[in-house]
Amino acid sequence: MGNLSNTSTSFQHDVPPGKKESDMKPKISSYTLDTLPPLTAKQREHLDALAKKPDAEIDLTDMPELTNGQLSEMRRSGDLYKPVKKQITARIDADVLDWLKSHGKGYQSRINAILRREMLQNQ
């Protein structure tokens with residue numbers, strides 16, 4: 001067996017000089033429909049031109065069609081995050097409750113969605 005005491009292996013990736021490892025992490029942007037920046041004139045022009053083309057003329061080579069097997073493996077992203085729910089008692093104005101219920105089933109989920117949106121916007 002050979003002498004391994006003189007060998008050294010590093011599994012760290014190289015960080016360019018003058019950069020910190022934290023600078024190398026990807027920046028993640030999160031938007032909602034309300035905070036999405038408006039399209040530029042060039043983007044709008046591109047989308048308008050694309051909308052006028054027949055489907056057969058649109059180049060899809062950079063995004064191949066998914067197979068039935070791939071489609072069957074897909075899950076909705078909402079299935080990945082399941083926050084813990086807590087039962088509470090809350091008093092809200094009758095007109096607010098009427099408005100929430102007037103939008104159909106799921107008024108408690110609607111309350112939660114409104115509160116979550118407000119929480120995320122004010123972090």
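So, in the stretch 93-110, exactly how many residues are surrounded by 10 or more Cβ atoms within 10 Å (Cβ to Cβ) and not in a helix (DSSP H, G or I)?
1
Cβ contacts < 7 Å: first residue under 16 Å from Ile114 (Cα atoms), restricted to the stretch 87-103; second residue surrounded by 10 or more Cβ atoms within 10 Å (Cβ to Cβ) and not hydroxyl-bearing (Ser, Thr, Tyr), any location; separation 6+ or different chain. Result?
Short answer, once both residue conditions are applied: Leu100/Arg110; Leu100/Ile111; His103/Arg110.
Could you grab me the full set of residues in the stretch 52-68 that are at pLDDT 90 or above and more than 25 Å from the chain's Cα centre (by Cα)?
Lys52, Lys53, Pro54 - these are the residues of the stretch 52-68 that are at pLDDT 90 or above and more than 25 Å from the chain's Cα centre (by Cα).
List the residue pairs whose Cβ atoms are under 6 Å apart, where the first residue sits in the stretch 48-71 and is loosely packed, with under 10 Cβ neighbours inside 10 Å and among the basic types (Lys, Arg), the second is in a helix (DSSP H, G or I) and modelled with pLDDT under 90, and the two are 6 or more positions apart or on different chains.
none
The values are calculated or read from the model by the stated rules, or taken from the named source; none is laboratory data. All figures in this text were calculated on a predicted structure; none of them were measured in a lab. Virtual Cβ from ideal backbone geometry, glycine too; neighbours counted across all protein chains shown.
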